[in-house]
Amino acid sequence: MTENLSTAKGASESPASAQTMGRFRPPRVPLFKRVRESALFWPLAALALILVFDAFYAPSFFRIEIQDGHLYGNLIDVVNNAAPLMLVAIGMTLVIATGGIDLSVGAVIAISAAMGAVLINPALGNQLITNDILTRDATNTPLPLIVLADLAAGTLCGLWNGFLVSRGRIQPMVATLILMVAGRGIAQLITNGQIMTIYYTPYFWFGNGFILGLPVAIYIVVGVLILAWFVVRKTSIGLFIESVGLNAKSSYYTGINEKNVKLFAYTFCGFCGAIAGLILSSNLHSSDANNIGLNYELDAILAVVMGGTLMSGGRFSLVASAIGALVIWTFTITVYTVGVPANALLAAKAVLVLAVILLYSDYTRRLLNRFERTDRKTAPSTDVEQRV
Amino acid sequence: MAQEMSQPRANFNPALANVMQWLRANVVRNGPLLTTILIFAVAYVVGGQLYPAMQKPQVFFNLFINNGSLLLVSIGMTFVILMGGIDLSVGGMIALTTTASAALLKMGVSPFVVIPLMLVMGVVFGFTQGSVIHFLKVQPFIATLMGLFFARGVAYIISLSSITITDSFYKTLALTSLPIPFIANTYIYIPTLVAPIMLLVAVYLAFFTRFGRTLYAIGNNEQSALLMGLPVARTKILSYTFSGFCSALAGIVFSISLLAGYGQFATGMELDAIASVVMGGTLLTGGAGNVVGTLFGVLIYGTIVSILQFNGTLSSWWTRIGVGVLTLIFIGIQSLFYFRKKHG
């Protein structure tokens, strides 16, 4: 905020620009600052940093081959693996922008995956499942219906969260905690506690298929991103979400239906979780209620924070969150490529989080501001700036 | 406020009015706690009616034997939540403690060195988390999440597989049963005693020390606590340190009762702990709640698990659904009571 103040003052002190630019043209901001203030700067910088590391220590990371007309390679793997997380991060961004949080996305993924698996091979109730039924390359429900049911289950979960938060006035963390605890139980209830393997080939298209040499999952992510971007930036919903996140009460007094805005954000997050569940179960050829989408809520929150959206709500950037998710997976696959054992990845991830925390902390910002101030000594500094 | 309200009735019957007033004040103040105790009693009695084997007194003591580390973790969690924060790292800390102590014991280090070392590790860990949260102004959620990743990751770096503990001191602790006086055929183990003792310490800390009062003050409003001149920074960091200490202690109890250390132990225990704290009547926004309630929250959790075990045909996932539904019910009860308190 203080920076806005100082730039506004700086602009008023340069009469030439004021004349040529007219009254409402934005003030001239130094290039470095403009780049740094962009929501995409930090996540892209992190991504670049990891890729530079790869270029030195694991050059094979960049190798892309063409097999059977499809692109193969670590970079494609990154994007394909990151797709579910990117989807969840997009949904989570909206929720966090309203000042909330959704801890239940992992459970929603499990429910959606369980739904798909069960509709292909019914296991409801205590029905005995024979190997014969399970290994058939056939389905009990047509594919469009399976997809619809998956999406409906996830959206319903999101709707439930949204109702608890907006109508029940329960804090988001607790409200979604309920589904987080109960959700995996529900998923196990649906699959009757079994790890269900899927043998129905058309279902695999979502997670393993290719269009024009690129994985289908990428197209789904781009599609959802465009849909979300359109809804958020081309209608007033995005503005409402930001205003609710900044101050729910004053938004209410200005006539924004904050309840429905919140309801929308959580429902959309559930919807995104459902698609992620569909892609994940299709990619893994199975639905394990206990482990599918494990820790996704945490990774998604990390991605959103990396994308520069504040946990307290307000301004958000969907693309930045998606890139944040990409950073997490690039990091993960880099760590694997370098040869760190899979289980020790957690500690490496903690170091990543620590780095992100330090980068985003007030200290770093202050340091960067100071660096910038010495950089342009000629620019007149105001008292306000000095005091802050 | 209550006095003014009961004034007209005081003319009618002073003694009765006094009793009513006392009741009203205490029931409303301790409403969530009383409800928790009531629900525990109902759940336990219903379980006893359904499955007569559950009526044995030993089943009650088994709740303590089986949930010792959960209770310890929940006590630490209660303090952090009362203060308005959250600690997601407890499960990871348990895993790290069990693995590290098992590895050290395998190397032949004396348990009398290992146990204090683990406690110091927990304290340092909690202190670091608290400092990151306070000084770097990081959301508790994110910072302790980092702690969770870090602790589990280090546990995996120490060992990828389970390490068994063969130390004689640990074995003695684990296998010596103490008979309960006056009740026949009942026993507990030595590590079982740790959690109840810690509970007493926690009750003392929460209600009879300056630290406890400051916790409640910060939980209600950190800004005004700061303006009142209370030591906010110290108390905040101390509460995370306390939680770290509790989880290290829980890890020791865990490793003694299982006689093993493994990075995958206590997965998701942070959620069970948070659910127990909420079921115990503590507001997740902080500022209101009771450590004693947490005990009953854990007991309710244990009772659900016991009922499922006694049933035998019900599957384990009903535990999760049950805990979820109970959490929802408790939030409803809480908002009812705290709404009353604010407006009535």
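Nothing in this text is a laboratory measurement; each read-out follows from the coordinates by a stated rule. Given the structure is predicted, the values throughout are model-derived calculations rather than measurements. Ideal geometry is used to build each Cβ from the backbone, glycine not excepted, and the neighbour counts take in all protein chains shown.
Summary of computed values
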{"item": "Neighbouring partner chain Cβ atoms per residue of B:132-142, average, 10 Å criterion", "result": "5"}
{"item": "Nearest-0.05 FRET efficiency for B:Asn66 and A:Val222, computed from C-beta distance (R0 51 Å)", "result": "0.55"}
{"item": "Nearest-ten-degree value, helix B:68-82 long axis tilted from longest Cα axis of chain B", "result": "50"}
{"item": "Flagged links, alpha-carbon separation over 24 Å, of B:Lys56/B:Lys171; A:Lys259/A:Lys349; A:Lys349/B:Lys137", "result": "B:Lys56/B:Lys171; A:Lys259/A:Lys349"}
{"item": "Normalised contact order of chain B, rounded percent, pairs of Cα under 8 Å and 6 or more residues apart", "result": "32"}
{"item": "Test item: A:186-194 mean partner chain Cβ contacts at 10 Å", "result": "3"}
{"item": "Test item: Cα-centred dipole of chain B, Lys/Arg +1 and Asp/Glu -1 on Cβ, debye", "result": "520"}
{"item": "Which of A:Trp205, A:Gly245, A:Ile279, positive extreme of dipole for the protein assembly as shown (C-beta unit charges)", "result": "A:Gly245"}
{"item": "Percentage, to the nearest whole number, of Cα pairs in the protein assembly as shown over 33 Å apart", "result": "56"}
{"item": "The range A:30-338: relative contact order as a whole-number percent, Cα under 8 Å and 6+ apart", "result": "37"}
{"item": "Estimated 222 nm signal from helices in the protein assembly as shown, with DSSP H stretches of n ≥ 4 weighted -39500 (n - 2.57), rounded to 500", "result": "-23000 deg cm²/dmol"}
{"item": "Whole-number percent relative contact order across the range A:187-297, with pairs defined as alpha carbons under 8 Å at least 6 apart", "result": "42"}
{"item": "Charge dipole (the protein assembly as shown, unit charges on Cβ, about Cα centre) - positive-most of B:Gly251, B:Thr282, A:Leu103", "result": "B:Thr282"}
{"item": "Ordering of A:295-302, A:112-119, A:146-153 by burial proxy (mean other Cβ atoms within 10 Å per residue, highest first)", "result": "A:112-119, A:295-302, A:146-153"}
{"item": "Cα gyration tensor category, rounded, prolate or oblate, for chain B with a/c compared to 1.5", "result": "oblate"}
{"item": "Test item: B:273-284 mean partner chain Cβ contacts at 10 Å", "result": "2"}
